[in-house]
1. May I ask you to give the percent of accessible area on the range 172-274 that is carbon plus sulfur, with a probe radius of 1.4 Å?
2. Order of 99-111, 79-91, 310-322 by packing, highest average Cβ count within 10 Å first?
3. Which entries of Lys100/Lys296; Lys100/Lys250; Lys149/Lys278; Lys194/Lys318; Lys27/Lys318 have Cα-Cα distances beyond 24 Å here?
4. Quick one: which residues, 5+ away or cross-chain, put their amide H under 5 Å from the amide H of Leu125? H built at 1.01 Å from N.
5. Once amide H atoms are built 1.01 Å from N in the peptide plane, which residues 5 or more positions from Lys220, or in another chain, come under 5 Å H to H?
6. What length, rounded to one decimal in nm, is gained on full extension from Phe394 through to Ser440, with 0.36 nm per residue of separation minus their alpha-carbon distance?
7. Using a 1.4 angstrom probe on the protein heavy atoms only, line up Arg241, Arg34 by accessible area, largest first.
8. Under a 5 Å amide H to amide H cut-off, with H placed in plane at 1.01 Å, what residues pair with Thr103 once short-range neighbours are removed?
Amino acid sequence: MNASIIDPLQGDFPEVIEEYLEHGCMKCIAFNRRGTLLAAGCNDGSCVIWDFETRGIAKILHDDECSSPITSICWSKYGHRILVSAADKSLILWDVMSGKKITRIVLQQTPLQARLHPGSSTPSLCLACPLSCAPMIVDLNTGDTTLLKVSVSETCNGPTPPSRNKCSDGITSFTPTAACFNKYGTLVYVGNSKGEILVIDYKNGDVHAVVPISGGSVIKNIVFSRNGQYLLTNSNDRIIRIYENLLPLKDEVRALDDLSGNHNDLNNIENLKAVGSKCLTLFREFQDSITKVHWKAPCFSGDGEWVVGGSASKGEHKIYIWDRAGHLVKILEGPKEALIDLAWHPVHPIVVSVSLNGLVYIWAKDYTENWSAFAPDFKELEENEEYVEREDEFDLIPETEKVKGPDVDEDEEVDIVTVEKDATFSDSDMSQEELCYLPSTPSRDVPEQQEKCVESSSKLLDSNNTGSPLSEEAGPNGHMMNHASSPLEDDAGRMKRKRKPSEKVLELQAEKVKKPSKSSKSEKPKSKSLADQDNGNGFHGGGLYDE
């Protein structure tokens, strides 16, 4: 598609299903940073990596120790590592290029989500959100875990109210809690069951700020935009909220300390909420006021201009797209299969969704060419019209106009060495080699002729072994009569087939048999010809003479 003739007034969001991917039963998906590779976690514990440009499978990662469904999948910043969490309470870190397992850690609870630290090319830390315990920081090298606080009551001077439920390891039980790193991984944002967003320094476990959500509903999802300027939350009250990040993208911890000021009592809830009001401010709210549906896997587009959320209703595959101003611009309706996960392409207007049946659907834009949008003097014709050109319209040097000389300085040197940074990846470290593609390993195809020979020989063997009428034909002397198309064995014991004679050859042989013998001298040639007939027709010569 020629991008220069696409109408710029069309919305830059997907509209139709372009293609679907099928491999086993896929449960969750994630793009790498450039959007060239798509990783999908399967129901059998394997992880398949698709080349998103060719839509072919580039690599399959599988661990014999893990056969449980994958619950989440995450790429490292430069695409060299993949972290998957499984239903068997395990975290597995893979090396993408070699396809080898780096480490496997088993937790006390099933991790519903796991995210690698975004600030390192070879991360050794990850953030895991277990099923019924507080979020934790996991050291992938040693296996050590550090629980994060999920309630400001834990930071108060008063005693913490007892909980009714306990985990197997004695840790206080919680409802599933959502958490995520900020852009550079200096802070962790935790959404708890009380409808609060906690800003935590994971290195020392201190809660620096608290942002309460109106209504106090349980926060199910929390995710940052790609540029780190906006934070998205999905709550049980069926509302998607967008918060604007007021902190600087770098040195956020120092900015929080400055906001705290000279407050000695950092455990005071009111002070934490006051700091939180200077960290995040409510920007937009999205909901379906008519159907009041719950949302599944909401996220931002690659440039942060669009917000997308899937309907959590059973039996429908609907994707809602809003602009950042809060207007609903598109509802994508797919097959009658429930939606369980979705992701927006980092660069292009493409959405990838996963159905309950394990298929991955690729939603793309339905492009329409509009030449007049780029050429004001271009006129689109409904039908052919007769055009009369001017006398000098196609002259090489028109007399009515003077050709102006080019204003380009031909002596100016053109820089072809310096690489301009892409605005989408402005924070990338150019010195770090990024893994964008995987080398393909071609598989050898079996020739069609060889397949046909193998099939035919196997069928003939079966027919001989099952006692077919051809195999039972024998002469009265006990000599076996072999059919022309039956397999024969050579000296090496290999199976071979004798060619069936043509109709013309059979007619000539029949004429020779019918001719009477004229003299006794011709007896030997005739017998020789009969032997030739036998060899051609597949009969043994000995069976034609009486003993």
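1. Here it works out to 46 percent.
2. Peptide ranking by packing, descending: 79-91, 310-322, 99-111.
3. Going by Cα-Cα distance, Lys100/Lys296; Lys100/Lys250; Lys194/Lys318 fall outside the 24 Å limit.
4. The list, which skips near neighbours in sequence, is His117, Leu140.
5. Here the answer is Asn234, Ser235, Asn236, since their amide H atoms fall under 5 Å of that of Lys220.
6. On the way: separation 46, 0.36 × 46 = 16.56 nm, distance 5.21 nm.
Stretched out fully, the Phe394 to Ser440 stretch lengthens by 11.3 nm.
7. Working: Arg241 5, Arg34 65 Å².
Final ranking, largest accessible area leading: Arg34, Arg241.
8. Leu93
The values are calculated or read from the model by the stated rules, or taken from the named source; none is laboratory data. Keep in mind that what you see is a predicted model, and the values were worked out from it rather than measured. A quick note on method: Cβ atoms are made from the backbone with ideal geometry, for glycine too, and the neighbour counts reach across all protein chains shown. Surface areas here come from the heavy atoms of the whole protein model, side chains and all, with no ligands, DNA or RNA. Shrake-Rupley method; radii C 1.70, N 1.55, O 1.52, S 1.80 Å.
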